[in-house]
Every structure is written in C-alpha cells, then in structure tokens.
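Reviewing the structure listed below.
The values are calculated or read from the model by the stated rules, or taken from the named source; none is laboratory data. Since the structure is predicted, the reported quantities are computational estimates derived from the model, not experimental observations. Note that each Cβ is placed from the backbone with ideal geometry, even for glycine, and that neighbours are counted across all protein chains shown.
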Amino acid sequence: MAEPTSELTYTDLKKVVGEFMGQTYDDSLWSVAQAAEFDRIVQSGLRRFYMAHPWSFLWKQATIATVANTKTYSLPDDCDLVYGDLLFDPADNVMKERVVQDNDEALTAFAVTHSYTGKPERFSIRNTAVSGTTSLRRQVFLWPTPDAAYTLHYEYRQGMNALTGTQYPPGGSYIVEAIKAAVLCEAEIKKRQQRGVYYEEWQEKLAFAMRTEREAQAGFVSREGNGVEVPPRYQRLWP
C-alpha cells in the first residue's frame, strides 16, 4: 500500500531544515558537514516532538512469561516507561487479575522480610547497571517470587530510533505539521540562538495534534495524579 502523499520522510524534513538554514533544497549540493548538521537538527526536533506528549502510537504491548522461582525479568531494550499495572492472562485463571506497580526501593526492602513464592501481587521497575556502552536498560521485579509460569501483559512507551533516508516518523498525517514545526523550531534556535516565530508555530501545531489525538482516542482516561493516559481496558482496574 502506498504512503499518503501528505506524509514527510526524514529526507523531506532534512531538506526543509537545509533550506531554512540558507542552503538549497537540493541535498546533493550540500557538503558533508552541512548534511551532518541538518541531520542533528532533525533528530533533535523529532525528540522534542516525541517527548511533548504521551502519544498513543509510541505505546507497545508486550508480555512477561514468568518462570517459577525467578523474580526479575528484563524489559525490551526500547522500553522508556511502563504504564499502569501488569495484567494476568485470562488463561492463567487468576482471581486477582492485576499485579500492582510499587516503588522499587520500598518493594525491595519489603521483599527482604517477606520472602516467599506465590502468585505475583506487586512489581517495581528497576534500572540495570549502566556500563556506558549501552543506553539505560530496565527490569521488572516481582513480589512474591512467582511459584509457576504466568503470562503478564503490559504496555510501555518505546524509545524511538533515529530516522534515516526515506523513513517516515510514526503517527500519521495528523501530526506531520507538528513534527515539521518541531524540527524548524530546533533549526531556528540553532541559527538565531533564541526562540522565534517557529517556536510559536510549534506550540500551535502541537496543540492541534494533541487535540486531534485526544478526540480520536476518546476512550482514554487520565489516571488521577500523574496525567498519564491509559487504554480503555485498563480503566476498570484503577482504584
């Protein structure tokens, strides 16, 4: 299936930046240094956009397959944040259908004096040791230690890889102008060392994209206290 012609690729965004920075739209005429600079600006603009809102298209679904007597499990390498609680698979026939998220320091201390096996009731997210050769990795710590094999469902926000070539940013056509504005906002700050008209345009386009997504995801709610939007199937689980 062909991509909508209204979409912008990474290359399109880089050309927009190059033109704003005073160069020709034809990227074949740029120097290696110019191409590298425009790439940095595009990637920075994309990060600005990704972090501005908990976009639904950055969420991924995953599962943890527990093993008896094993209490820690690695999360995917691209995991930034885990939203909400873990849900038992219906096939597990567990009466209590969720595992509640807790503070890692508190749960670790609690587990020391309450060490036993059973159906997991609480979990925490902990960081693994940082070596400097990889980005931060995370693990799930379960309490009590699972006494059998269970399948736990969860959703997490994924960290995005840098775009290249003809790749498209995620999301769809309704956020294209917001991404373009974010990239131009970064270019403007780089060129003029201050915010300007493109920062204002970025704020306007961002508001429109957020409003459009919220209308499209009308079934989403915000958990009181943290402003995180969660899928409809989690709504009935919140206290």
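Some observations on this one:
- The residues in region 31-45 that are of a type in the set (Asp, Glu) and either under 15 Å from ASN161 (Cα atoms) or not assigned by TED's automatic domain parsing to the domain that holds LEU184 (or both) can be counted, and the count is 1.
- Here is the figure for region 122-134: residues that are modelled with pLDDT of 95 or more and in a loop (DSSP other than H, G, I, E, B) total 0.
- Candidates in region 191-215 are the residues that are of a type outside the set (A, V, I, L, M, F, W, C) and in contact with a Cys (Cβ under 7 Å, 6 or more places away or on another chain); of these, the one that is surrounded by the fewest Cβ atoms within 10 Å (Cβ to Cβ) is TYR199.
- Test for ALA149: is it at pLDDT 90 or above and more than 23 Å from the chain's Cα centre (by Cα): yes
- Selection of region 53-74 for residues being within 30 Å of ILE175 (Cα to Cα) and at pLDDT 95 or above yields ALA62, THR63.
- Beta carbons closer than 8 Å, at least 6 apart along the sequence or on distinct chains, never pair a first residue in region 176-203 that is free of Cβ contacts under 8 Å to residues at least 24 places away in the same chain with a second that is part of a helix (DSSP H, G or I) and basic (Lys, Arg).
- Boolean, TYR10 is under 30 Å from GLU188 (Cβ atoms) and buried (at least 19 other Cβ atoms within 10 Å of the Cβ): yes
- Among the residues of region 158-177, the one identified as surrounded by fewer than 16 Cβ atoms within 10 Å (Cβ to Cβ), touching a helix residue (DSSP H, G or I) at 6+ places or on another chain (Cβ under 7 Å) and part of a helix (DSSP H, G or I) is TYR174.
- Test: residue in region 73-80 that is crowded, with 19+ Cβ neighbours inside 10 Å, in the same structural domain as THR151 (by TED's automatic domain parsing) and not in a helix (DSSP H, G or I): yes
- Qualifying residue in region 150-157 (condition: in contact with a Cys (Cβ under 8 Å, 6 or more places away or on another chain) and either loosely packed, with under 13 Cβ neighbours inside 10 Å or over 30 Å from ASP12 (Cα atoms) (or both)): no
- Filter pass, ASN93 being on the phi > 0 side of the Ramachandran plot, surrounded by fewer than 18 Cβ atoms within 10 Å (Cβ to Cβ), touching a residue at least 40 places away in the same chain (Cβ under 8 Å) and not assigned by TED's automatic domain parsing to the domain that holds ALA216: no
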